[in-house]
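Following: one structure in structure tokens, then a few remarks.
Bear in mind that the values in this text are calculations on the coordinates, not laboratory data. Computed from a predicted model, the values in this text were never measured in an experiment. All Cβ positions, glycine included, derive from the backbone under ideal geometry; neighbour counts span all protein chains shown.
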Amino acid sequence: MRKIAFLIALLWVFPAGAVNISDVAVIIEEEEYYPPIFDVYPGLREEVPWIHLGIWPTPLQKLEAYGEAVGLPNLWLKNDGLSSDLYGGNKLRKLEFLLADAKAKGYKTLIASGAVGTNSGLATCIHARRLGIKTILLTSDQPNAQYARDNMLLDLYFGAKMVYAPSDMDIFSQYVQQYITNSLKEPSYLIFMGATCPLSCIGWANAAFELKEQVEEGLMAEPDYIFLALGSMGTAAGLHVGCKLAGLKTEVIPIPITEPSDARLYALLIAATNLYMKMRDPSVPFIGVNPSEITFPKEHIGKEYAMFTPEGCEAVRMMMELEGVHLDGTYTGKAMAGAVDWLKKNHQEDKVSLFINTKNAVDLRYLTQDLDYHDLPRGYWKYFEEPIQQEDQKLEEYLASYLGEPQVDPSVEAHIREMPPISWPEDDVPVYSSAPWIIKGIMDFISTWFALPW
Ligand SMILES: Cc1ncc(COP(=O)(O)O)c(C=O)c1O
């Protein structure tokens, strides 16, 4: 089994068609900030596309009040919700690599997917807009929730082309359909669920090097454990690779929030990311990963993806009340409940534990106030006409007094003013003009994801 996994990983990351990163390199030269992983592995800086979109490093804080309330005296938070003053959260570290790749290769449109409330899809369409790249967003059904409504309207606001594809099968067929029809008009770059692939995972490997610098500055002690939500696995897999490469003793414990979640697939993604990096900079060592040694507490998923659990909602309420940090019911609430539960069950209460907040912290609700859901395709209307799930209803009522009325945000406005205009190609664009992009797009997709040798 391990041999087969290794072979697949090898196919995945075999160095592919030369990535032309010269356009991106121009942008990099003007930057004062470089990911610290590039200092340690300069070969990556040469070979891997990257563009500066976020605010780094993200802050650390000790969760004094929450930690005391749940009996964990050494619980810390790294708040990646604050990774941007436009739209933060965990996707930004991935997008700095993926969007740089898409831009360097000349793509005008991305095709991304997720559930209707996808944070990843929203982050993609917002930050791609900053680079003048449009997003086609393929989205499937999920349990109804207020954040899903907000995100759908924000997708609309930031100019995504929304395609309702109820099931996973529909998403797959829409990928094929949208890719072919759109590539006939202009170059289209494929991004799968959660924006996860070996290239984007480097963003989270870098986060471990960032954390190491913060530890060396004395901002916190080296953590024994890091906890975070696990969806498409890229965030945790990248962190795992980064912690090993940075020489941290820290064990990364991902808390799965959806099925199917499998420690073997997670290990494969870790191996693939590691190998992808080594192919681009031979000084990157192999870290080795054994699925049976990975801690993977799966009992916090609840009924299904995005169906809130009472424990997760309690974690959201307590974090808001005691720390003023806004977690969510789909990912971070469940992950925090899982972290507390694991530390207590395993009698590790005194260990230094770090929780990563992966949820965006910028309140964009004010942008959606005048939007009408009828401007979304028909399939989405039911999310605005049917009630949200009960746990979320209660949570929203509780959070309302903390969040207050939506307010205009000057930094968000400044970003929006700077966004280049976008336009979708006319339907009568002559198809033959860009037909070669169909082949190029598929080859680039394979090189970014599976990296076959061309
Ligand atoms: C808020 C939040 N946390 C965690 C995750 C999981 O990250 P990953 O898909 O990299 O496992 C997501 C994914 O969309 C997310 O939106």
Task: LEU395, LEU72, LEU322, LEU137 arranged by Cβ crowding within 10 Å, fewest neighbours leading - done: LEU322, LEU72, LEU395, LEU137
TODO: Using the structure shown, list the pairs from LYS103/LYS278; LYS94/LYS278; LYS78/LYS108; LYS185/LYS382; LYS244/LYS440 with a Cα-Cα distance above 26 Å, or answer none.
DONE: LYS78/LYS108; LYS185/LYS382; LYS244/LYS440
- [ ] Enter the Cα centre distance for the pair segment 152-211 and segment 257-284, rounded to the nearest angstrom.
- [x] 20 Å
Task: the chain pair-distance distribution - Cα-Cα, 10 Å bins, rounded % - done: 4, 21, 33, 28, 12, 2, 0
Task: Dipole of the chain, positive direction: furthest Cα of GLY441, ALA221, GLY404, with charges on the beta-carbon - done: GLY441
Open item on the list: For a quick check: with amide H placed at 1.01 Å from N, whose amide H comes under 5 Å from VAL252's, ignoring anything fewer than 5 positions away on the same chain?
Closed with: ILE226
Open item on the list: If each DSSP helix of 4+ residues adds -39,500 (n - 2.57) and the sum is divided by the residues in the chain, what number results at 222 nm, nearest 500 deg cm²/dmol?
Closed with: -14000 deg cm²/dmol
Task: Pairwise centroid distance, computed over Cα atoms, of segment 117-148 with segment 370-415, Å - done: 14 Å
TODO: Give me the distance in nm between label points sitting 7 Å out from Cα along the Cα-to-Cβ direction at GLN348 and MET419, one decimal.
DONE: 4.1 nm
TODO: Name the shape class, rounded, prolate or oblate, that the alpha-carbon gyration tensor gives for segment 102-196, where a ≥ b ≥ c are the square roots of its eigenvalues, rounded holds for a/c under 1.5, and otherwise prolate holds if a/b is larger than b/c and oblate otherwise.
DONE: oblate
Open item on the list: I need the shape label for segment 273-375. Rule: rounded when a/c is under 1.5, else prolate if a/b > b/c, else oblate, with a, b, c from the alpha carbon gyration tensor.
Closed with: oblate
Open item on the list: Can you give me the distance in nm between label points at ILE442 and SER167, each placed 7 Å from the Cα along the Cα-to-Cβ direction?
Closed with: 2.5 nm
